[in-house]
Amino acid sequence: MLLSTFFFALMNVCVKYLPHLPSMEIILFRSVISLAMSYATLRYLNVAPWGSNKLILVGRGITGVIALMMYFTTLQNIPLAGAVTIQYLSPIFTALLGVFIAKEKVHPWQWLFFLISFVGVLVIEGVDTRISTYYLLVGVGGAFVSGLSYNSIRKLNAREHPMVIVFYFPLVALPVSALFCLFKWVPPQGIDWVWLFLTGVFTQLAQYYMTKAYQAEELARVASLNYVGIFYALGLGFLLFGEVFDVFSYLGIALVLVGVLLNMEYSRRLRKKEAVEAQATT
């Protein structure tokens, strides 16, 4: 998950260099590249690309595309800080929905750790009163649908190869984004092609490692690691764009780090306790 959030941060940097292109056009290019890389990898590994749980795989693709579209809608219509803050509700929705979909238990202390991390996000990003109720609901809806998408991955668990799951996301996203581009198209120029290519490559790597993480571990134990993406964003923003922050932002960083570390330590102790109990019953 740490690798996944890092590559997603690099993808965001590439998108930041393409403010003049429509978001659905960026999604189209990233889907083409990701689809090609996924299919080539599956052929190299001699793995059938269509999988055996097609309904869940298509559901993962559909929910992923809907969540991405809703997220980009908020990015285009409300301040970036507000859009990012709302999107960071997705790990909480992931864990909550996991109780009903993946039948996984979230302990009360883990909810507290989620809350600490999210309060840190609010402190870092700030709350913008210019966000309308409509776009607030769109953003929350996107975070909710992201939770559904991540639960689809967990539901598949070890039943599908990670690359098959990754393959279905661009497979669904490609025709949807292509349809949008028929009505709004801006020809890329010069270095735009480099950023579009890197967007697809970083997306592919991020999706692969995210899928591996959600397949290998309980949702509540890895979902909070999404918040580590803030640190990648802060570091890259400082190095590439000269972005600096005030004392309240660093207070928020500390809160995020405390929440993530507490959740990781609590999960480690739970795993150790479960292992001891399993040995006692054998």
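The values are calculated or read from the model by the stated rules, or taken from the named source; none is laboratory data. What you see is a predicted model; the values in this text were computed from it and never measured. Glycine gets a Cβ as well: all are built from the backbone with ideal geometry, and neighbour counts include every protein chain shown. SASA here: full protein model, heavy atoms, side chains in, ligands and nucleic acids out. Shrake-Rupley method; radii C 1.70, N 1.55, O 1.52, S 1.80 Å.
May I ask you to list the residues in the range 5-28 that are closer than 16 Å to GLY235 by Cβ and hydroxyl-bearing (Ser, Thr, Tyr)? Hit for the range 5-28 is THR5, nothing else. When the residues of the range 15-35 are filtered to those that are under 14 Å from PHE197 (Cβ atoms) and open to solvent by 60 Å² or more (accessible area, probe 1.4 Å), the one that is modelled with the lowest pLDDT is TYR17.
Considering the range 46-126, the qualifying helices (runs of 4 or more DSSP H), each wholly inside and each with 2 or more residues that are among the β-branched types (Val, Ile, Thr) and open to solvent by 60 Å² or more (accessible area, probe 1.4 Å), run over 54-77. Of all residues in the range 201-228, those being surrounded by fewer than 22 Cβ atoms within 10 Å (Cβ to Cβ), part of a helix (DSSP H, G or I) and not aliphatic (A, V, I, L, M) number 4. Residue count for the range 147-162 under the criterion of being open to solvent by 10 Å² or more (accessible area, probe 1.4 Å) and not charged (D, E, K, R): the result is 7. A single member of LEU136, LEU182, LEU234 is under 25 Å from SER117 (Cα atoms) and more than 18 Å from the chain's Cα centre (by Cα), and it is LEU136.
For first residues located in the range 260-282 and among the polar types (S, T, N, Q), partners that are surrounded by 10 or more Cβ atoms within 10 Å (Cβ to Cβ) and part of a helix (DSSP H, G or I) and lie 6+ apart or on another chain with Cβ distances below 7 Å form the pairs ASN263/GLN110; ASN263/PHE113; ASN263/SER224; SER267/ARG221.
Within the range 255-282, the set of residues being out of contact with any Leu (no Cβ under 8 Å at 6 or more places or on another chain), within 22 Å of GLY120 (Cα to Cα) and open to solvent by less than 50 Å² (accessible area, probe 1.4 Å) comprises VAL256, ASN263, SER267.
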